[in-house]
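The values are calculated or read from the model by the stated rules, or taken from the named source; none is laboratory data. Note that the structure is predicted; figures quoted are calculated from it, not measured. All Cβ positions, even for glycine, are placed from backbone atoms using ideal geometry, and neighbour counts span all protein chains on display.
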């Protein structure tokens, strides 16, 4: 296991995906994923020194995960190995065209350990992305919170809300938001988050743009975050700070698979946030990379250098135009 990220190139930000790494067992075959892992792979493709901080079993699925990730621009030196619990799997069944997920429990990442190596990583991190799912068990929740508390004040702590019933609670939301620099959630999650955090005990079930903006300000008033991001699928996003907001109406794309699109959005948002970009650039970057991911199959599809260069050029042109 790595104990340092000293191999980082000068100027590269250290960006950590903290939480679950898993195999989705789809009808067409297994596919590696997990929101923090998807985030980390995308961050690496954007040029950050990205790290997956998770835990896998001592089994063949763990070997397969390591082999696949070896071809990705991501640091796997902080993956823990659990001798007792298996590598995580999620059974996916398609019924009437809709996917239904069985997230198996317990698995290796339910026992994340806050080791000295992870403490060192936390102190070096420029950004860390975490969610709700990996906090479903007390041991991993304690580790995730300890990791966040060990980061430097300037670290961007990105709470990517992902409400997978029954694996979340109001307490997890409140503790996480209290530590977050950036909070990202989707429009459907807004009323649940407002109610569970007591920011608005009885929010409207239907959230139009005005309600989303109002909800964002209620959360910003209640918690010390700097930025709240609401994603709306193909309809774009809404970014809100205490002083301003920016609405992006999305980009046209031929949707092949939405798996990982939100994670690509988050990685792009984090990358340009660390560069000090303004809200319009953050919106453009997140939506552009999210749309690209939705046009691909899977959350870790091949990315050729010419596509990456073109996307970067288009985003930087947007930034230059203000």
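Yes/no matrix, rows are residues, columns are (1) closer than 26 Å to residue 23 by Cβ; (2) in contact (Cβ under 8 Å) with a residue 40 or more places away in the chain; (3) surrounded by fewer than 18 Cβ atoms within 10 Å (Cβ to Cβ):
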site: 113; (1), (2), (3): yes, yes, yes
site: 127; (1), (2), (3): yes, yes, no
site: 130; (1), (2), (3): yes, yes, no
site: 154; (1), (2), (3): no, no, yes
site: 160; (1), (2), (3): yes, yes, no
Taking residue 94, is it crowded, with 21+ Cβ neighbours inside 10 Å and not in a helix (DSSP H, G or I)?
no
When you look at residue 269, is it under 21 Å from residue 37 (Cβ atoms) and touching a strand residue (DSSP E or B) at 6+ places or on another chain (Cβ under 7 Å), yes or no?
yes
Tell me yes or no: at least one residue of the stretch 28-47 is touching a strand residue (DSSP E or B) at 6+ places or on another chain (Cβ under 6 Å), at negative phi and part of a loop (DSSP other than H, G, I, E, B).
no
Please find, among 83, 108, the residue that is surrounded by 17 or more Cβ atoms within 10 Å (Cβ to Cβ) and either at pLDDT 95 or above or over 29 Å from residue 268 (Cβ atoms) (or both).
108
Counted residues in the stretch 190-210 being over 22 Å from residue 166 (Cα atoms) and surrounded by 18 or more Cβ atoms within 10 Å (Cβ to Cβ) come to 1
Only listed residue being under 30 Å from residue 258 (Cβ atoms) and not in a strand (DSSP E or B), chosen from 134, 113, 139, 146:
134
Of the residues in the stretch 132-142 that are under 20 Å from the mean Cα position of the chain (by Cα) and farther than 20 Å from residue 33 by Cβ, the one that is surrounded by the fewest Cβ atoms within 10 Å (Cβ to Cβ) is 142
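Mind telling me which of the residues 57, 33, 29 ends up being surrounded by fewer than 24 Cβ atoms within 10 Å (Cβ to Cβ) and without any contact (Cβ under 8 Å) to a residue 40 or more places away in the chain? Spell out how you get there, then give the answer.
Details: 57 fails: without any contact (Cβ under 8 Å) to a residue 40 or more places away in the chain; 33 fails: without any contact (Cβ under 8 Å) to a residue 40 or more places away in the chain.
The match here is 29.
Could you say which residue among 185, 163 is assigned to a loop (DSSP other than H, G, I, E, B) and within 18 Å of residue 265 (Cβ to Cβ)?
From the options 185, 163, the qualifying one is 163.
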